[in-house]
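Bear in mind that the values in this text are calculations on the coordinates, not laboratory data. What you are looking at is a predicted structure, and each value in this text was computed from that prediction instead of being measured. Using ideal geometry, Cβ is built from the backbone for each residue, glycine included, and neighbour counts are taken over all protein chains shown.
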Amino acid sequence: MRLKLRGKSFGGRAVLGPLSLEVERGDRVAILGPSGIGKSTLLRIVAGLDPAFDGRLTGADRLATVFQEPTLLPWRSARDNIMIPTGCDGPTASALMDRVGLPGREAQYPRQLSLGQQRRLSLARAFAARPDVLLMDEPFASLDAETATRMIDLTRDLLDDSGAGLLLVTHDPQEPARLGARALRLSGTPAILG
Ligand SMILES: Nc1ncnc2c1ncn2[C@@H]1O[C@H](COP(=O)(O)OP(=O)(O)OP(=O)(O)O)[C@@H](O)[C@H]1O
């Protein structure tokens, strides 16, 4: 995916300034910056969730997004939460659930899983979509240190195995190195990448 942004405003207030961003399979890029600078806004533009920007987004890549909230379907089993949005088959869903440390939990509902388990289920769902580029918005925030470390290691391993690219937004300056990602920083008003 390739973004050439001239600017992004909300109600006449310029949030993002001119910037270019390119992430292909195998690339890992992390966007750092303080709260409110525009990280999520940038990710939402890349994800195609906010078409109201001045600029151009190109690339026919397959994208998958992991948000801080696991965004699971509450009335569907864990396995259905992987299979329905991605169209993958049952054995693939089960293999990914094993991989993220949820073996044998296929029939359980999201409410029966802890927050850390729900996050791992949403990670399994993202990789079931076989993305060229994985988009992640603060996916390791508000987890205890041990759970966050496990999920970071798991994400790195799944990226290694799949060859997917990564675009991560985070305010944690340690996460890029732990994921082998190049760090870029959003700063200024409107914010640009440095
Ligand atoms: N839908 C919206 N309507 C109006 N303003 C918005 C909207 N979404 C975001 N903003 C504003 O744009 C700015 C950037 O917000 P954004 O959520 O992208 O920041 P962020 O860097 O991701 O912050 P955080 O780290 O706290 O999540 C903020 O000033 C926010 O209030």
- Please give the helix 145-162 orientation as an angle from the longest Cα principal axis of the chain, in degrees from 0 to 90, rounded to the nearest 10. 90
- Query: Nearest-5 percent of antiparallel DSSP beta bridges in the chain?
  - Reply: 40
- Sorted by chain and then number, the residues having a modelled amide H within less than 5 Å of the amide H of D132, at least 5 places away or on another chain, are R62, L63
- Can you pull the semi-axes for the chain, root of five times each eigenvalue of the Cα gyration tensor, sorted largest first, whole Å? 29, 17, 16
- To the nearest 10 degrees, how steep is helix 115-128 against the longest Cα principal axis of the chain, on a 0 to 90 scale? 80
- Message: Give me R105, R111, R119 sorted ascending by neighbouring Cβ count inside 10 Å, so fewest comes first.
- Response: R111, R105, R119
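Using just the Cα positions, wrap the stretch 74-129 in a convex hull and report its mean projected area in square nanometres, one decimal place. Mind showing how you got there, number by number?
Working: hull surface 12.4 nm².
Value for the stretch 74-129: 3.1 nm².
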- Message: Taking the Cα of W75, stepping 7 Å toward and past its beta carbon, and measuring to each backbone N in the stretch 85-113: which are under 18 Å?
- Response: 85, 108-112
- Query: In what order do V15, V46 fall by count of nearby beta-carbon atoms within 10 Å, going from fewest to most?
  - Reply: V15, V46
- Applying the Karplus parametrisation 6.51 cos²θ - 1.76 cosθ + 1.60 with θ = phi - 60° to the phi angles of the stretch 2-15, what ³J(HN,Hα) value in whole Hz is obtained for each residue in order, glycine and proline being reported as x? 9, 10, 10, 9, 8, x, 9, 10, 10, x, x, 9, 6, 9
- Message: Compute the helix-to-body angle for 90-99: its Cα long axis versus the longest principal axis of the chain, expressed 0 to 90° and rounded to tens.
- Response: 80
- Additional length obtainable on full extension of the chain from D89 to Q174, 0.36 nm per residue less Cα span: 27.0 nm
- Taking 7 Å along the Cα-to-C-beta vector as the label spot, tell me the R182-R130 distance in nanometres, rounded to one decimal. 2.8
- Computed, not fitted: 222 nm per-residue ellipticity of the chain from DSSP H runs ≥ 4 (each -39500 (n - 2.57)), nearest 500, equal to -10000 deg cm²/dmol
